[in-house]
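*Asks:* One structure, as structure tokens, below. Some questions next.
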Amino acid sequence: MPVFEFLVMQTREQETNNNKSWSARLLNVFGISREPIVKVYHGYGHPEQMVIYGHVLRMGPLPNKRYTRSIFRNTIALFKLFFVKPWGGVTVHMTWEGVEHKVKTDTDGFFRFCWQDKPPLLQGWHEVTVVLKDDNGSIKAKGSGAIYIPHETQYGFISDIDDTFLISHSANLRKRLYVLFTHNARSRKPFDGVVKHYQLLSKGNTTPDAPNPFFYVSSSEWNLYDYILEFTTVHGIPRGVFLLNVIKPFSQLFKTGQNNHHTKFMRIVRILEAYPSQRFILLGDSSQMDPYIYASIVEHFPKRIHAVYIRDVHKENRQKVVDVLYKIESSGVPCCFFEHSSEAIMHSRKIGLIREVEIVGG
């Protein structure tokens, strides 16, 4: 190769690298990484199957390290959660009890490990690490999560998130986006009294070292996982397993939480089938489809649902929700349609879900 052509090629390569460097630096300023990211979500286990899942991203958000009241910073922090580029068709590895498991990601970067552990299962939370390797077997990226094996308690709880315990204005897209853009996971507020209710339910009819399991099933996207996890941790919502909706690209940011409610039914079904000997309590709100989904669950799983709680947050739906809950109660399942969590706490005491000294605070 002539020297001149070689120098031209080197110069062009250097320019390309410089451009990449500048774009990477600019993205980092806004909390976005162009390096591979492995996100691992809380999974769950039972005698028949262990499950842990997550996403692999070619590009995605860096962890939020600063929380302020700045609307500008909060807006940027929300934008970056949807600035994702999933990586499909790559293999990730996970080791459990000395045995390595591997699985390929779907087209949207989603992965799901399913395996059977040898009994007896060790109850509680267990850390799990998932790694992405290159062709030489070196680790390109890794992420950590946890798998939850519930204690053998009488009840389990399946709760919605938005407008059930997190004030979200889901029925009004303009208000929902305003709250998302102007606040962060630490400045958002739970409903008054809801933390106290959930903490009491967590320890009702059991001992402090064996809390009742909580599963949080929402139409919110996996993009918001870290956001929701931070919120629940800061405010003392019982630790639990999240089952959220499919990840969305930046172009669908303004449609967050607004569709695919029908998949929520199937996610709840998976939980009920995973723990066939346990009775569950369903908690939701009146802003969208919770009453109808829960009515269908009660119909398909008779004697498995002990009670249904619906927070009254959307007045226009009130009569429709009353009619749906009447149908549920007619099948023998107690319902509580309430505006304030104090009403829900009284109802929980009445039907025997809470039988211990109240927790101070919340």
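The values are calculated or read from the model by the stated rules, or taken from the named source; none is laboratory data. It should be emphasised that the depicted structure is a prediction, and the values quoted were computed from it without experimental measurement. Every residue, glycine as well, gets a Cβ built from its backbone with ideal geometry; the counts of neighbours run over all protein chains shown. The accessibility values were calculated without ligands, DNA or RNA, using every heavy atom of the protein model including side chains. Shrake-Rupley method; radii C 1.70, N 1.55, O 1.52, S 1.80 Å.
*Asks:* Kindly evaluate ASP117 against the criterion of being modelled with pLDDT under 95, more than 20 Å from the chain's Cα centre (by Cα) and over 25 Å from TYR275 (Cβ atoms). Can you show your working first?
*Replies:* Values: modelled with pLDDT under 95: yes; more than 20 Å from the chain's Cα centre (by Cα): yes; over 25 Å from TYR275 (Cβ atoms): no.
The answer is no for ASP117.
*Asks:* Given the criterion out of contact with any Gly (no Cβ under 8 Å at 6 or more places or on another chain) and closer than 27 Å to ALA295 by Cβ, identify the matching residue among VAL234, VAL269, VAL179.
*Replies:* Checking each option against the conditions leaves just VAL269.
*Asks:* Mind counting the residues in region 251-291 that are modelled with pLDDT under 80 and of a type in the set (Val, Ile, Thr)?
*Replies:* Number of matching residues: 1.
*Asks:* Identify, from the list ILE328, ILE354, the residue that is within 18 Å of LEU201 (Cα to Cα) and β-branched (Val, Ile, Thr).
*Replies:* Only one candidate qualifies: ILE354.
*Asks:* Could I ask something else about it? Identify, from the list ARG176, ARG186, the residue that is in contact with a helix residue (DSSP H, G or I) (Cβ under 8 Å, 6 or more places away or on another chain), among the basic types (Lys, Arg) and at pLDDT below 95.
*Replies:* ARG186
*Asks:* If you go through region 326-344, how many residues are open to solvent by less than 30 Å² (accessible area, probe 1.4 Å) and of a type in the set (S, T, N, Q)?
*Replies:* Count: 1.
*Asks:* Pairs under 7 Å by beta carbon, first residue within 19 Å of VAL38 (Cα to Cα) in region 132-154, partner crowded, with 18+ Cβ neighbours inside 10 Å and basic (Lys, Arg), six or more apart or different chains?
*Replies:* Note: pairs meeting the criteria are GLY143/LYS39.
*Asks:* Related question: Looking only at region 120-149, which residues are closer than 18 Å to VAL90 by Cβ and more than 20 Å from the chain's Cα centre (by Cα)?
*Replies:* VAL131, LEU132, LYS133, ASP134, ASP135, ASN136, GLY137, SER138, ILE139, LYS140, ALA141
*Asks:* Out of all the residues in region 117-143, which are over 20 Å from PRO213 (Cα atoms) and part of a loop (DSSP other than H, G, I, E, B)?
*Replies:* LYS118, ASP134, ASP135, ASN136, GLY137, SER138, listed by residue number.
*Asks:* Looking for whichever is among the charged types (D, E, K, R) and either touching a residue at least 40 places away in the same chain (Cβ under 8 Å) or surrounded by 13 or more Cβ atoms within 10 Å (Cβ to Cβ) (or both) here; the options are ASP312, ASP323. Which one fits?
*Replies:* ASP312
*Asks:* Is it fair to say PHE79 is within 29 Å of PHE181 (Cα to Cα), among the aromatic types (Phe, Trp, Tyr) and either part of a strand (DSSP E or B) or under 22 Å from the mean Cα position of the chain (by Cα) (or both)?
*Replies:* yes
*Asks:* Looking only at helices (runs of 4 or more DSSP H) that lie completely in region 144-237, which have at least 1 residues being in contact with a strand residue (DSSP E or B) (Cβ under 9 Å, 6 or more places away or on another chain) and open to solvent by 30 Å² or more (accessible area, probe 1.4 Å)?
*Replies:* 225-235
*Asks:* Checking the structure you have, find out if any residue of region 6-28 is of a type in the set (Phe, Trp, Tyr), modelled with pLDDT under 85, closer than 29 Å to ILE247 by Cα and within 29 Å of the chain's Cα centre (by Cα). Give the derivation first.
*Replies:* Of the residues in region 6-28, the ones of a type in the set (Phe, Trp, Tyr) are 6, 22.
Narrowing further to those that are modelled with pLDDT under 85: 6, 22.
Adding the requirement that they be closer than 29 Å to ILE247 by Cα leaves 22.
Imposing the further condition that a residue be within 29 Å of the chain's Cα centre (by Cα) reduces the set to none.
Scanning region 6-28 turns up no residue that is of a type in the set (Phe, Trp, Tyr), modelled with pLDDT under 85, closer than 29 Å to ILE247 by Cα and within 29 Å of the chain's Cα centre (by Cα).
*Asks:* Here is a follow-up. With touching a Ser or Thr at 6+ places or on another chain (Cβ under 7 Å) and closer than 30 Å to PHE280 by Cα as the only criterion, which of ASP117, ASP192 stands out?
*Replies:* ASP192
*Asks:* Which residues, counting only those in region 292-320, are modelled with pLDDT under 95 and within 26 Å of GLN123 (Cβ to Cβ)?
*Replies:* Once the filter is applied, which keeps residues that are modelled with pLDDT under 95 and within 26 Å of GLN123 (Cβ to Cβ), region 292-320 yields only LYS303.
*Asks:* Restricting to region 92-116, name every residue that is in a strand (DSSP E or B), open to solvent by less than 50 Å² (accessible area, probe 1.4 Å), in contact with a Phe, Trp or Tyr (Cβ under 9 Å, 6 or more places away or on another chain) and within 20 Å of ILE139 (Cα to Cα).
*Replies:* Listed by number, the residues that qualify are VAL92, MET94, TRP96, HIS101, VAL103, PHE110, PHE111, PHE113.
*Asks:* Could you grab me the full set of residues in region 254-291 that are in contact with a helix residue (DSSP H, G or I) (Cβ under 7 Å, 6 or more places away or on another chain), part of a helix (DSSP H, G or I) and surrounded by 14 or more Cβ atoms within 10 Å (Cβ to Cβ)?
*Replies:* Within region 254-291, LYS264, PHE265, ILE268, PRO291 meet the criteria.
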